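K.L.:
The structure under discussion is supplied below as structure tokens; questions concerning it will follow.
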Amino acid sequence: MGVTCVCQWPVPENKSEQQVVDMITKRAELLGATKIGAFCVDCETYQSSLAIAPQKTIHVMHNTEQPLTCYTILENPGSSSNCLVADTMFDQIMHKLKGFYMPRKAAKIESKGQHYELDDFVIKIGTVSVGPNTKGILFEVEYTPCVVIMDCWSLLSEFMQSFMGTHTPTLPLYLAGKQDANYTPTDTVMQYLDHFNTFMGRKTPLPPPQR
Amino acid sequence: MVLDPVSQEQPPSKPAVLLLAKRKSLSGAANILIAGAGRLFRSQTQHSLLTSKRQDFHSELLRLHQNWRLKKVGKAIIGDLSFKSAGSRFWHNGAFEVTKTADSEQQPGDGYKSPLEITVPSDLEGRSYIHVCIKSDSENAPQNGSFSGVGNKLPDDLHWQQKLEIAQNVLFCKELFAQLAREAVQLKAPIPHLVIGNQIISQVFPGIQLCVTLCHENTIDKKHTDTGNGVPQTSAVLEHSLHQLLRALHQNNLNPSTPHPVTAPIGVSKKRRLAGAQATGKKELAEFNQSECLLEKILKQVRHMVLQNRVCKLIDNLTCSMPDPCILAHWSVSNQNLQSSVKLQIMSNSYEQIGRTPLQLVIGVDQVKGVCKDGRVVTLSYEEHEIKNFLLTQIAQHQVNGIQAIAKVMGWQVLQSSSHLGVGPMEKIGHAAGIMLISPSGDRILAVRNGPDSHTKVSVQFPRNQQSITESKSDVIIDGKWDNLWGYFKEVNVDKMKGRNLLNKIELLMAALTH
């Protein structure tokens with residue numbers, strides 16, 4: 001897994017998400033990217049029952065890139081969040097813990113879309129939706145050969161500039177704290193979670209986890 | 001009146017009469033006993049004749065049941081000689097029938113006739129084996145189906161154990177061939193594998209093919225006897241490998257890896273178990289699922305065998321054709337089925353201490369890796385000329401290194417030396433090596449060039465004032481100091497020189513030039 005940057009694509013007022021996705025897809029194909037398939041990153045949130053104090057939130061996420069894996073992030077207010085990487089059977093454990101952790105009503109958020117590959121880069125354009133409502137567009141770029149963020153951030157941002165022009169994002173807060181360490185698939189999922197939280201308007205911006 | 005017993009006179013004793021009487025009574029009793037014994041004996045023999053067959057049948061059946069799986073279906077006894085209980089998933093049920101031999105009068109000349117009769121299925125009759133051979137395109141392809149000729153029809157009085165084992169072997173060979181044929185059809189190779197009748201032909205290297213044939217000899221095939229002249233020998237090693245591979249397949253079917261924890265589903269390999277927790281991507285998962293099939297495994301083994309033979313023959317040919325540097329090959333005793341190694345020592349006779357070039361060749365499936373004296377690793381393909389190229393270059397280098405070592409001993413200094421000369425005529429194969437030495441007194445220069453094609457060229461350079469006087473002195477050059485410059489190189493006829501080998505000749509030359 002190479003270094004990945006997940007960023008939000010701003011949707012102009014007069015256009016629909018679908019139109020923007022089509023536009024990005026056209027740009028990618030013009031650049032010479034080949035379509036590989038579809039992808040989906042989803043997140044389910046569970047809230048601890050009132051019996052457990054203080055209140056804790058658990059996010060269970062899946063990424064089609066790692067089909068046998070389930071990521072679980074425990075949000076502890078006031079301290080850093082933990083991420084557990086487990087087999088997909090973990091979902092069944094959450095099922096068993098229904099008494100203690102109830103799924104939130106506004107259930108599943110997911111980012112679904114197409115997956116393109118251009119030589120060493122992997123581009124994923126995902127439409128974020130909560131049930132039938134579309135919330136926005138998440139754009140993911142991965143540079144496969146490199147695993148150290150510091151080494152390839154400039155290359156990644158230059159590549160994104162060719163796509164996004166003026167909207168090129170700066171180094172995400174999450175990655176800023178991990179410049180030297182090796183990039184893992186967990187980091188991608190944490191970035192997605194950050195964006196999902198922003199879309200849902202949650203008040204707790206997660207501080208980057210300390211390593 | 002008194003009654004007195006009167007002793008009467010004893011009658012005269014007649015012993016003969018007594019004896020006669022006793023004898024008569026004894027003989028009467030004996031006759032009765034003999035008659036009775038005779039009757040008993042007769043009845044016993046008759047009884048044993050009657051019941052012997054039945055008793056033997058049951059004891060034979062018991063012995064059969066101890067070795068083979070039998071079950072009673074209605075009135076018949078059916079046995080199972082398939083490999084299903086060993087993990088095979090072949091469609092053939094391998095059922096044989098056990099019957100009592102018909103009662104017939106035993107002639108005195110007959111051999112032992114078993115009370116049991118085994119009937120094997122008609123398609124498992126006869127003998128069978130898998131014929132595996134490697135052939136190159138230059139040899140003639142043997143005709144299809146012309147492999148029988150060894151062995152006649154199975155003798156009738158074969159013991160039931162041997163009959164069943166032979167039939168089981170036929171079934172095993174059938175399964176093996178069916179598995180290979182299925183894989184040959186499904187695999188996508190650059191040159192597709194051919195399946196014709198009972199033969200599978202696969203390309204191993206360009207020009208070399210592997211031919212696997214199912215040879216089934218029964219009474220029908222007796223017509224196609226072949227003298228065996230055109231048929232190459234089957235490779236017993238490969239046949240054994242094929243058998244082992246199929247057995248390994250059976251065992252894997254039966255014994256999946258134990259689940260961790262014990263309540264987890266069976267059959268999940270350790271890699272798959274850890275894949276989730278290690279966040280394995282899609283590409284890596286696809287690689288996990290790919291496993292090599294039987295045909296691929298045996299092809300790898302064949303490739304390695306062919307490559308090993310090639311290298312062996314090449315080294316042998318080189319050793320025979322080049323007496324000068326002596327090449328010793330030490331093949332590693334413990335080789336694996338896909339890798340073997342050979343350590344070569346290139347040395348000159350009587351100069352072993354001074355200059356020896358060690359070399360190691362590791363022979364894999366498709367490649368040969370050469371490890372040189374200085375630690376460089378060269379990867380060569382399966383092409384013969386590449387390996388020859390490498391070896392000849394090493395030999396040329398050895399000669400020059402040997403000369404360098406002698407120079408050290410003799411006190412000559414090395415002006416320059418090169419392992420891969422870029423000057424002079426290009427060699428058709430390999431690289432030439434060269435060296436230039438100067439004598440201790442500084443008035444002779446020796447230049448040696450050694451190449452696989454151009455062999456050895458030795459030249460000596462003298463200073464101008466020591467050259468032949470026949471060269472005319474120029475009028476322009478008056479000053480005597482110009483005579484101390486180097487003159488031309490003169491070539492030495494190495495073939496006419498005395499000396500055991502090149503190093504010896506150079507040593508003698510150096511000794512002659514030093515003064």
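The values are calculated or read from the model by the stated rules, or taken from the named source; none is laboratory data. Everything numeric in this text was worked out from a predicted model, so none of it was measured. Neighbour counts are summed over all protein chains in view; Cβ atoms, including those assigned to glycine, are modelled from backbone coordinates with ideal geometry. With ligands, DNA and RNA removed, areas are computed over all heavy atoms of the protein, side chains included. Shrake-Rupley method; radii C 1.70, N 1.55, O 1.52, S 1.80 Å.
K.L.:
Based on DSSP H runs of at least 4 residues, each adding -39500 (n - 2.57), what is the mean residue ellipticity at 222 nm of the protein assembly as shown after dividing by all its residues, to the nearest 500 deg cm²/dmol? Provide the component values of the computation, followed by the final result.
P.N.:
Numbers: 13 runs with 240 residues, N = 726.
Computed mean residue ellipticity for the protein assembly as shown: -11000 deg cm²/dmol.
K.L.:
What does the charge count near B:GLU292 come to, summing +1 for each Lys or Arg and -1 for each Asp or Glu among other residues with Cβ under 11 Å from its Cβ?
P.N.:
Counting the neighbours of B:GLU292, the net charge comes to 0.
K.L.:
Of chain B, which part is the longest with no trypsin sites (Lys or Arg not before Pro) in a loop (DSSP not H, G, I, E, B) and with at most 15 other C-beta atoms within 10 angstrom?
P.N.:
My reading of the result: B:189-372 is the longest stretch.
K.L.:
In square nanometres, what is one fourth of the surface area of the convex hull spanned by the alpha carbons of chain A? If you can, show how the numbers build up before the last one.
P.N.:
On the way: hull surface 48.2 nm².
That works out to 12.1 nm².
K.L.:
Provide the gained length on full extension for the span B:LYS75 to B:GLN339, in nm with one decimal, where the gain is 0.36 nm per separating residue minus the Cα-Cα distance.
P.N.:
That pair, B:LYS75 and B:GLN339, stretches by 89.4 nm at full extension.
K.L.:
Calculate what fraction, in whole %, of the accessible area of the stretch A:13-131 sits on carbon and sulfur atoms when a 1.4 Å probe is rolled over the protein chains.
P.N.:
Numbers: 3480 of 6180 Å².
Percent of accessible area from carbon and sulfur atoms in the stretch A:13-131: 56.
K.L.:
Straight-line reach from B:LYS271: which aspartates and glutamates have Cα under 20 Å away, leaving out those fewer than 8 places along the same chain?
P.N.:
Within reach: A:GLU65, A:ASP87, B:GLU284, B:GLU287, B:GLU292.
K.L.:
How large, in percent, is the carbon and sulfur part of the accessible surface of chain B at a probe radius of 1.4 Å?
P.N.:
Values: 17880 of 32620 Å².
Taking all protein chains in place, chain B shows 55 percent carbon and sulfur surface.
K.L.:
Using a 1.4 Å probe and counting only protein heavy atoms, how much accessible surface gets buried when A and B come together, both sides summed, in Å² to the nearest 100?
P.N.:
For chain A against chain B, roughly 900 Å² becomes buried.
K.L.:
Quick one: compute the contact order of the stretch A:81-211, relative version, from alpha carbon pairs under 8 angstrom and 6+ residues apart, as a percent.
P.N.:
With pairs under 8 Å counted, the relative contact order is 18 percent.
K.L.:
Any idea what log10 I(q)/I(0) is at q = 0.15 Å⁻¹ for the stretch B:348-454, Debye with uniform C-alpha scatterers and no solvent?
P.N.:
For the requested q values the scattering log ratios are -0.69.
K.L.:
Regarding the stretch B:260-376, what whole-number volume in Å³ per residue does the convex hull of its Cα atoms give?
P.N.:
Per-residue hull volume (Cα only) is 183 Å³.
K.L.:
May I ask you to evaluate 6.51 cos²θ - 1.76 cosθ + 1.60, the Karplus curve with θ = phi - 60°, for each residue of the stretch B:118-133 and list the ³J(HN,Hα) values in order in whole Hz, giving x for glycine and proline?
P.N.:
Running phi through 6.51 cos²θ - 1.76 cosθ + 1.60 with θ = phi - 60° gives 9, 10, 8, x, 4, 7, 10, 6, x, 10, 8, 7, 9, 9, 10, 9 Hz.
K.L.:
Follow-up. When the Kirkwood radius is taken over all Cα pairs of the stretch A:82-157, what Stokes-Einstein diffusion coefficient follows at 25 °C and 0.890 mPa s, in µm²/s?
P.N.:
After rounding, the answer is 155 µm²/s.
K.L.:
Another question, if that's okay. Among all stretches of chain B without exposed GluC sites (Glu not before Pro) (DSSP loop, at most 13 other Cβ atoms within 10 Å), which one is longest?
P.N.:
B:140-291
K.L.:
Which entries of B:LYS84/B:LYS163; A:LYS124/B:LYS283; A:LYS56/A:LYS124; B:LYS135/B:LYS313 show an alpha-carbon separation above 24 angstrom in the structure shown?
P.N.:
Correct reply: A:LYS56/A:LYS124.
K.L.:
Hey, another quick one. Apply the Karplus parameterisation 6.51 cos²θ - 1.76 cosθ + 1.60, with θ equal to phi minus 60°, to every residue of the stretch A:7-24 and state each ³J(HN,Hα) to the nearest whole Hz, in sequence, with x for glycine and proline.
P.N.:
9, 8, 9, x, 9, x, 4, 7, 10, 8, 4, 4, 5, 5, 4, 4, 5, 5
K.L.:
Give the relative contact order (percent, whole number) for chain B; include only Cα pairs under 8 Å separated by 6+ residues.
P.N.:
With pairs under 8 Å counted, the relative contact order is 8 percent.
K.L.:
Tell me the per residue accessible area of chain B using a 1.4 Å probe; a whole number in Å² is fine.
P.N.:
63
K.L.:
Points 7 angstrom from Cα along the Cβ direction at B:LYS373 and B:LYS84: gap in nanometres?
P.N.:
So the label points at B:LYS373 and B:LYS84 sit 6.7 nm apart.
K.L.:
How large is the Kirkwood hydrodynamic radius of the stretch A:1-82, counting all unique pairs of alpha carbons, in Å?
P.N.:
Every distinct Cα pair counted, the radius reaches 16.4 Å.
K.L.:
Please state the equivalent ellipsoid semi-axes for chain B: what are the square roots of 5 times the Cα gyration tensor eigenvalues, largest first, in whole Å?
P.N.:
Those come to 89, 37, 24 Å.
K.L.:
Okay, next question. Using a Cα-Cα cut-off of under 19 Å, which aspartates and glutamates could be cross-linked to B:LYS373, ignoring same-chain neighbours fewer than 8 residues away?
P.N.:
B:GLU352, B:GLU386
K.L.:
Sort the protein assembly as shown into rounded, prolate or oblate with this rule: let a ≥ b ≥ c be the square roots of the eigenvalues of the Cα gyration tensor; rounded if a/c is under 1.5, and if a/c is not under 1.5, prolate when a/b is larger than b/c, oblate otherwise.
P.N.:
Note, shape of the protein assembly as shown comes out oblate.
K.L.:
What is the helix-to-structure angle for A:185-200, meaning the angle in degrees between its Cα long axis and the longest Cα principal axis of chain A, kept from 0 to 90 and rounded to the nearest 10?
P.N.:
Between helix and principal axis, roughly 80 degrees.
K.L.:
Loop-only trypsin sites (Lys or Arg not before Pro) in the stretch A:71-111, please: DSSP not H, G, I, E or B, and at most 10 other Cβ atoms within 10 Å.
P.N.:
For trypsin sites (Lys or Arg not before Pro) across the stretch A:71-111 that sit outside H, G, I, E and B with at most 10 neighbouring Cβ atoms in 10 Å, the list reads A:LYS105.
K.L.:
Is the shape of the stretch B:14-92 rounded, prolate or oblate, going by the alpha carbon gyration tensor and its root eigenvalues a ≥ b ≥ c, with a/c under 1.5 for rounded and a/b larger than b/c for prolate?
P.N.:
Prolate is the answer for the stretch B:14-92, as a/c is 1.5 or above and a/b outweighs b/c.
K.L.:
Would you please name the chymotrypsin sites (Phe, Trp or Tyr not before Pro) within the stretch B:9-95 that are DSSP coil residues with at most 11 other C-beta atoms within 10 Å of their C-beta?
P.N.:
For chymotrypsin sites (Phe, Trp or Tyr not before Pro) across the stretch B:9-95 that sit outside H, G, I, E and B with at most 11 neighbouring Cβ atoms in 10 Å, the list reads B:TRP91.
K.L.:
Holding the Cα-Cα limit at 20 Å, pick out from B:LYS300/B:LYS369; B:LYS428/B:LYS505; A:LYS15/A:LYS135; B:LYS174/B:LYS300; A:LYS96/B:LYS282 the pairs that are longer than that.
P.N.:
Beyond 20 Å: B:LYS428/B:LYS505; B:LYS174/B:LYS300; A:LYS96/B:LYS282.
K.L.:
If you stretched the chain out fully between B:GLU97 and B:VAL423, how much longer would it get, using 0.36 nm times the residue separation minus the C-alpha to C-alpha distance? Show your work: numbers first, answer last.
P.N.:
Details: separation 326, 0.36 × 326 = 117.36 nm, distance 8.24 nm.
The B:GLU97-B:VAL423 span can extend by a further 109.1 nm.
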